[in-house]
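The values are calculated or read from the model by the stated rules, or taken from the named source; none is laboratory data. Everything numeric in this text was worked out from a predicted model, so none of it was measured. Here Cβ is always computed from backbone atoms with ideal geometry, including for glycine, and neighbour counts include all displayed protein chains.
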Amino acid sequence: MINRKKMIEETLDPKDWEEMRAIGHLMMDDMIDYLKDIKDKPVWKPIPEETKTFLKEELPEYGMNAKEIYAQFKTHILPYNKGNIHPRFWAWVQGTGTPMGVFGDFLASAMNPNVTIGEQSPMYVDQEVVNWCKQMMHFPESASGILLSGGSMANTTALIVARNHMIAFSRKEGMQGLALKPVMYCSSETHSCIAKAAEVIGVGTEGLRKISVNADYTINLESLEQTIRDDISKGYNPFCLVGNAGTVNTGAIDDLKALKLLCEKYDLWFHIDGAFGALAKLTDQYKEKLKPIEEADSVAFDLHKWMYMPYEVGCVLIRNKEAHRNAFSFAPNYLMTHEGGLASGPDSFNNFGIELSRGFKALKVWMSIKEQGIKKYAEQIEKNIQQAEYLTDLVNENNTLELLAPTSLNIVCFRFVNSDKTKEELNQLNKDIVMKLQVSGIASPSSTILGGNYAIRVAITNHRSITSDFDLLINETIKLGNSLL
Ligand SMILES: Cc1ncc(COP(=O)(O)O)c(C=O)c1O
């Protein structure tokens, strides 16, 4: 006899759909205004203690009205955004997003598919976006790829493939039975995610040889080759070389052609970290310099950086699809596919990466590229490169400012100088300038250290920036520098 006790029939859907529709419309309208008017707002604001306290609430036991939740969002969350939607945000390397990208994420959330397996349209959209990425990088049609949360995951995924392909049995045995210790190479300017990836794949930071750089921050080829030779003679197993298509500090592009030749000579997997720089391949100015990307075994790049997509979405492409699949494929019973029905469809994306559950991040990319067309993206990237050159000229023209690295791609590193100040005093002064620029809401550059000097670092992956934004940055920097003397 079935126990007919009272069953819970409630769902998490709204009781009043019309009320939910109204609040949804309000949110959409507000966010359109927010983006439309963002240029007139401060780039960044310090977060008041009241908001920090508010955001330490106890776990809510019972729900509250959607309108009230939205009011709290508007009071405590929206005003203290990071700011990378603003035209004068140039910190780290952060993209701007677009309204169509917002809609893409909204629609993807409403559909809410898990884009890993099955006969469902999102699988085909995802595949198509990866194919477009291959076309952007001029990778062969036979190559494979996967969309990931960002550059760190894209680089790590490539290095897992590199390890499993280049070091026999490493997938099965890990690093347990290796007679020769594996080593890999990159420059000292390479992003820290490569070191993390080296740790993840069992090579360890000690197995990652960080090669010195030239004055322009590109990898020193003589030193690289000498290190490879030394490693071979000492009985190590060199298996992978990571080239930079745009270093995070200064935008330096390694001599990728020479790196490719070294990879052929010493039988190394050639991976390129092109987190933002690879996309400059779309421009006339950089297409030749970045052409060797087409010859790499793998390349990682972010669509949320220089394709201005809302966070998060990055991509890795792998030339050898079989090597890619062999690195990750698993076929447990609960993921078996059928010749028809829901469990048919494209090869599961789980066979090409670590993640099983995946959101529909491809939709915002698909919609955005269709909205703008790839030529428009190339033009925006070109615009940011021009802006970096313009800013460089402004720095060079002013004798209170000094360029601290050659400008490459979209990154300008400079500082305020004064001959009466010591190096340490100048470091502190420039740090104060950066903080004051940020706190005043005028602009958000970030910083780095180059040759022991504190640098104001401007990385332009921002389609909203216009020329006058850079004039303002320079004027305010000089004004602040003089006032702090
Ligand atoms: C050159 C480079 N590689 C890798 C990364 C990491 O990318 P993500 O932050 O998307 O994980 C970055 C981030 O700025 C980068 O500039």
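Data overview
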| item | result |
| --- | --- |
| Residue that is farthest from Val412 (Cα to Cα) [pool: residues in the range 275-309 that are hydrophobic (A, V, I, L, M, F, W, C) and in a helix (DSSP H, G or I)] | Ile293 |
| Qualifying residue in the range 191-198 (condition: small (Gly, Ala, Ser), away from the ligand (no atom under 11 Å from the Cβ) and not in a helix (DSSP H, G or I)) | no |
| Breaking point among (1) on the phi > 0 side of the Ramachandran plot; (2) buried (at least 17 other Cβ atoms within 10 Å of the Cβ), for Phe89 | (1) |
| Residue count for the range 357-398, restricted to those that are under 20 Å from Leu282 (Cα atoms) and part of a loop (DSSP other than H, G, I, E, B) | 1 |
| Selection count, the range 123-161, where residues are more than 16 Å from the ligand (Cβ to nearest atom) and either assigned to a helix (DSSP H, G or I) or at pLDDT below 95 (or both) | 14 |
| Residues of the range 91-122 classified as more than 21 Å from Ala300 (Cβ to Cβ), part of a loop (DSSP other than H, G, I, E, B) and away from the ligand (no atom under 16 Å from the Cβ), total | 8 |
| Any hit, the range 388-407, residues being touching a residue at least 40 places away in the same chain (Cβ under 8 Å) and under 21 Å from the mean Cα position of the chain (by Cα) | yes |
| Test set (1) out of contact with any strand residue (DSSP E or B) (no Cβ under 6 Å at 6 or more places or on another chain); (2) not assigned by TED's automatic domain parsing to the domain that holds Gly151 - Gly118 fails condition number | (2) |
| Residue among Leu241, Leu221, Leu208 that alone is surrounded by 15 or more Cβ atoms within 10 Å (Cβ to Cβ) and out of contact with any strand residue (DSSP E or B) (no Cβ under 7 Å at 6 or more places or on another chain) | Leu221 |
| Asn410, sole failed condition from (1) in contact (Cβ under 8 Å) with a residue 60 or more places away in the chain; (2) assigned by TED's automatic domain parsing to the domain that holds Asp302 | (2) |
| Count - residues of the range 431-468 that are buried (at least 21 other Cβ atoms within 10 Å of the Cβ) and within 23 Å of Leu409 (Cα to Cα) | 15 |
| Failed condition for Gln285, given (1) more than 10 Å from the ligand (Cβ to nearest atom); (2) touching a Ser or Thr at 6+ places or on another chain (Cβ under 6 Å); (3) not aromatic (Phe, Trp, Tyr) | (2) |
